[in-house]
Amino acid sequence: MLVHQAARWGLGAVGTGVAVIAALDLAGLDRTNPLRRTISEHGLGDQGWVFGVAVALLAAGSVAIGVSLVRTRLAGVFGTVALMAWSVGLFAVAYFPKHDWSVGPSVSGSIHRAGSLVAFLSLPLAAVIIARPWRHAERRRHALVAFALGLGSVLWVVGIGAMVLVGARSGLPWYRVMPLGLVERGLAVTEVAALVALGVFAARGHPVAGRQQVLSPVAAESER
């Protein structure tokens with residue numbers, strides 16, 4: 001079905017984007033410390049466009065998965081809005097590169113930071129809202145996986161927030177309180193896994209029947 005094909009296209013785009021970013025990470029191990037440097041560091045320099053394209057693929061794949069979830073009636077309004085906010089945040093990250101804040105603020109850097117924040121906060125909400133297992137009893141196994149990964153992403157976000165508070169109380173910059181690169185990669189891996197679980201959820205699930213489709217012959221006759 002076309003709605004399932006959209007989810008498969010989305011999963012393919014997400015997989016391609018993630019593979020490119022992982023390749024950039026591996027290729028840059030001799031120049032960048034992944035424990036401290038964020039993923040967005042790949043957006044700087046002559047090869048920054050490669051990172052931008054990879055993130056844009058991830059965002060486009062997310063939109064396709066969202067369309068499939070909506071068309072199969074597996075995602076309500078709030079879950080769809082949250083998933084689209086994740087996609088918009090990723091597009092902002094792809095188009096506006098990371099900024100070196102040591103030389104002062106910039107509009108591009110501020111948009112990049114805002115996009116990252118929106119994306120990282122929105123995906124956990126989308127996964128938890130869309131994949132509520134008690135709402136999808138007929139496909140509980142796939143829903144449970146996506147829901148659990150969404151909760152895992154929430155825990156990552158809560159942990160980062162706690163470290164920010166620790167930094168504020170101790171007078172240390174929040175990005176010095178934790179190994180930011182490692183923590184961001186842990187959050188990113190968990191969130192992308194949740195996104196993939198949502199994609200599989202959409203690709204394998206059957207469209208939820210509309211009201212007229214589930215009416216029994218007697219009930220249908222009575223409504224005429």
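Which order, highest average first, do 193-199, 84-90, 29-35 follow once you tally other Cβ atoms within 10 Å for each residue and take the mean per peptide?
193-199, 84-90, 29-35
Could you give me the ³J(HN,Hα) list for segment 6-15, computed from phi with Karplus coefficients 6.51, -1.76, 1.60 and θ = phi - 60°, whole Hz, x at Gly and Pro?
After applying 6.51 cos²θ - 1.76 cosθ + 1.60, I find 4, 5, 5, 4, x, 5, x, 5, 4, x Hz.
Give me the one-decimal Kirkwood hydrodynamic radius in Å for segment 43-153, with the sum taken over alpha-carbon pairs.
So the Kirkwood estimate lands at 14.9 Å.
Rounded, prolate or oblate for segment 1-102? Axes are the square roots of the Cα gyration tensor eigenvalues, ordered a ≥ b ≥ c, and the cut-off for rounded is a/c under 1.5.
Cα axes put segment 1-102 in the prolate bin.
Please report the base-10 log of the normalised intensity I(q)/I(0) for the chain, using a Debye sum with one equal scatterer per alpha carbon and no solvent, at each q in 0.13, 0.18 (1/Å).
Here log10 of I(q) over I(0) equals -0.77, -1.30.
Comparing 120, 78, 201, which has the greatest mean-square fluctuation in the GNM of the chain with Cα pairs linked when under 10 Å apart?
Highest fluctuation of the listed residues: 78.
Hey, got the dipole for the chain? About the Cα centre, +1 on K and R Cβ, -1 on D and E Cβ, debye to the nearest 20?
With only Lys, Arg, Asp and Glu charged at Cβ, the dipole is about 520 debye.
In the chain, with Lys and Arg counted as +1 and Asp and Glu as -1 at Cβ, which of these residues, 175, 28, 156, has the Cα nearest the positive end of the dipole, that is, farthest along it?
156
State the Cα centre-to-centre distance between segment 49-92 and segment 145-159 in whole Å.
18
Order 109-117, 183-191 from most to least packed using the mean count of other Cβ atoms within 10 Å.
Output ranking for 109-117, 183-191: 183-191, 109-117.
Read the figures in this text as sums done on the coordinates, not as results from a lab. Computed from a predicted structure; not experimentally measured. For neighbour counting, all protein chains shown are included, and Cβ atoms are generated from backbone atoms with ideal geometry for every residue, glycine included.
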